[in-house]
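Here the structure comes first, spelled out in structure tokens, and everything after it is commentary.
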Amino acid sequence: MSTPALRIYNTLTRTKEAFSPIDPANVRMYVCGPTVYDYAHIGNARPLIVFDVLYRLLRHLHGADHVRYVRNITDVDDKINARAAERGVTIRELTEETNRIFQADVRALGCLEPDVQPRATEHIAQMLAIIEKLIASGHAYAADGHVLFDVPSMPAYGRLSRRSLDEMLAGARVDVAPYKRGDMDFVLWKPSKDNEPGWDSPWGRGRPGWHIECSAMSWAHLGETFDIHGGGIDLVFPHHENEIAQSCCAFDREVMANYWMHNGFLQVEGEKMSKSLGNFITIHDLLHTETFGGRKWPGEALRLAMLRTHYRQPIDWTVKALEEAESALRRWAEFVRKGETTGDSGNFAHQFAAALADDLNTPLAVSLLHDAVDPAQLDAALKLLGVDVRKYSDWIESETRSSVDVTAIDALIAARIAARAAKNWGESDRIRDELVAMGVVLMDNKDGTTSWEMKR
Ligand SMILES: [Zn+2]
């Protein structure tokens, strides 16, 4: 496939810009990962899929060995502590189990593994080092066992979210505390009680605030500044604003990352997803249970449905969209399996790559797939989107096989082979008709064996 120039929409400048990495031989991307205390919901799947497509595209454009993708795992958080206590398990048991489920979900969605998946609890030393730098340079202060970032010490604070001071203050006043000098100051480190996880620090035994984790892990694995920082739009303020404040002030840099990318919100059947509305769906439920649309869905359909909407637009997650994605998958799988070119493909490959390179215009890229005439090109294009039609076919095969009585089918096939060997054609035909009525398609092989599949 040809290599068009990548342009991406940068939240920092609110414009689409030509992508120019600091070091083209080592493109660096950081995406905020999960807090591992519960099943990831389908809204969480959106950044996983979107930034996986970007990762694949960057590897395509710069070479697979020249892109470094870091997605963290937050394994220290008050939500984790509360859930572990509630369930009567240790924090380690909870985070390990949740992470295992998360990794399985992400694999089923067709995402490549990031180059590094750092854990917060393994980067406490880097967090402490950043906090000490911030105190030394007058951007943070210790008070009452806490360390806080001094927001007024950074004139550029608010540049990413472009929120007015009043808006930011209104949000910050929810969390007033006597140890804060300014209302907007946020926690870098806080004291831990004996029953809470904690690490020794110059300010007593404690644990990190959430924002400091990402500054520490991106620094450890990508350096003081890097190319792309991604996440959901809900992270712009305060999380990403605070990451920028910490990293830029600790390392005395103008920028933390040059390009900030954010995916839009997700709704379910036109409504905000929430536990109280009863429309809260997890990736695990969609894949393994019959809670959405009364059936299980293959990971490939979830992925394709997600990519039919541009990543910056809000997406409405519906049964209808999943059905449409699946019918496209079925057609493409059949077309790739047959392997017959049906016309002149023109500059399909170039147009497809160009659509993706234009700020990941996946809706345009997907619409081009419908007109593909060369199965090999279609397959290559789908790979760039991370959609594997063979995996989809295997899923269909195993689902249909698990819904039929394989033992009974095998017994009938054996009886038919015996009837044919005895030249009892009437019996052989009767058995074949019985199998056809069950939806079984027989294929008599040259070696005398018979294979079968379910009619699609
Ligand atoms: Zn983060």
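The values are calculated or read from the model by the stated rules, or taken from the named source; none is laboratory data. Just so it is clear, the structure is predicted and the values come from calculations on it, not from any experiment. Reconstructed Cβ throughout: ideal geometry from the backbone, glycine too, with neighbour counts over all protein chains shown. SASA here: full protein model, heavy atoms, side chains in, ligands and nucleic acids out. Shrake-Rupley method; radii C 1.70, N 1.55, O 1.52, S 1.80 Å.
Filter segment 256-270 down to the residues that are in contact with a helix residue (DSSP H, G or I) (Cβ under 7 Å, 6 or more places away or on another chain), within 16 Å of the ligand (Cβ to nearest atom) and touching a residue at least 60 places away in the same chain (Cβ under 8 Å) and list them by number.
Those that are in contact with a helix residue (DSSP H, G or I) (Cβ under 7 Å, 6 or more places away or on another chain), within 16 Å of the ligand (Cβ to nearest atom) and touching a residue at least 60 places away in the same chain (Cβ under 8 Å): W260, H262, N263.
Can you confirm whether segment 365-384 contains a residue that is β-branched (V, I, T) and open to solvent by 80 Å² or more (accessible area, probe 1.4 Å)?
No, because not a single residue in segment 365-384 is β-branched (V, I, T) and open to solvent by 80 Å² or more (accessible area, probe 1.4 Å).
Just to be sure, is P34 under 30 Å from H350 (Cα atoms), within 20 Å of the chain's Cα centre (by Cα), open to solvent by 10 Å² or more (accessible area, probe 1.4 Å) and within 16 Å of the ligand (Cβ to nearest atom)?
So P34 does not fit the description; no.
Yes/no per residue for (1) touching a Leu at 6+ places or on another chain (Cβ under 8 Å); (2) open to solvent by 10 Å² or more (accessible area, probe 1.4 Å):
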{"residue": "A172", "(1), (2)": "no, yes"}
{"residue": "P191", "(1), (2)": "no, yes"}
{"residue": "S218", "(1), (2)": "no, no"}
{"residue": "A250", "(1), (2)": "yes, yes"}
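Quick check on this structure: which one of M273, M261 is in contact with a Gly (Cβ under 9 Å, 6 or more places away or on another chain) and modelled with pLDDT under 95?
Just a single option satisfies the conditions, and that option is M273.
Every residue, every condition in (1) open to solvent by 10 Å² or more (accessible area, probe 1.4 Å); (2) within 16 Å of the ligand (Cβ to nearest atom); (3) at pLDDT 95 or above, yes or no:
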position	(1), (2), (3)
M1	yes, no, no
A5	yes, no, no
Y9	yes, no, yes
F19	yes, no, yes
R46	no, yes, yes
F51	no, yes, yes
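Of all residues in segment 130-143, which are outside any strand (DSSP E or B) and in contact (Cβ under 8 Å) with a residue 40 or more places away in the chain?
Once the filter is applied, which keeps residues that are outside any strand (DSSP E or B) and in contact (Cβ under 8 Å) with a residue 40 or more places away in the chain, segment 130-143 yields I130, I131, E132, K133, L134, S137, H139.
Taking the options D429, D388, D444, name whichever one is within 30 Å of A353 (Cβ to Cβ) and surrounded by 12 or more Cβ atoms within 10 Å (Cβ to Cβ).
The conditions single out D388.
Looking only at segment 159-211, how many residues end up being within 30 Å of T15 (Cβ to Cβ) and assigned to a strand (DSSP E or B)?
1
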